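Take a look at the structure below.
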Amino acid sequence: PRVRAEAGCIEYFPAVDTASGLPVQGPSRDDVVVVVEKWESLAALETHLIAPHMMEYRPKVKEFVKKVTLQILSPTE
């Protein structure tokens, strides 16, 4: 709720793999959570990354997190 209330947050939700049976999909990864985020601007994302509640959150989940990667995407026409 705190993230969704941040200025510039358009969308923010965690997602996990779902088996679909489609041959193109790889195997389900039981140890992966993807957080899908949509921000109004790169500046809003940068502010989020250093928000006090995020700085408090990271140490609390550190023992559960194996790896974090960030991929910034832009829509194409």
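Structure notes:
- Computing Rg and Dmax of the Cα atoms in Å for the structure here picks out one of (1) 12.9, 41; (2) 11.9, 38; (3) 14.9, 43, namely (3).
- Per residue accessible area of the chain, 1.4 Å probe, in Å²: 89
- Carbon/sulfur fraction of accessible area - the range 1-47, other protein chains in place, 1.4 Å, %: 59
- Ranked by the mean number of other Cβ atoms within 10 Å per residue, highest first, peptides 48-56, 24-32, 65-73 order as 48-56, 24-32, 65-73.
- Helix-derived mean residue ellipticity, 222 nm - over the chain, DSSP H n ≥ 4, -39500 (n - 2.57), to 500: -6500 deg cm²/dmol
The values are calculated or read from the model by the stated rules, or taken from the named source; none is laboratory data. All values reported here derive from a predicted model rather than from experimental measurement. Heads up, the Cβs are rebuilt from the backbone with ideal geometry, glycines too, and the neighbour counts pull from every protein chain shown. To get the accessible areas, we keep the full protein, side chains included, count just its heavy atoms, and leave off ligands, DNA and RNA. Shrake-Rupley method; radii C 1.70, N 1.55, O 1.52, S 1.80 Å.
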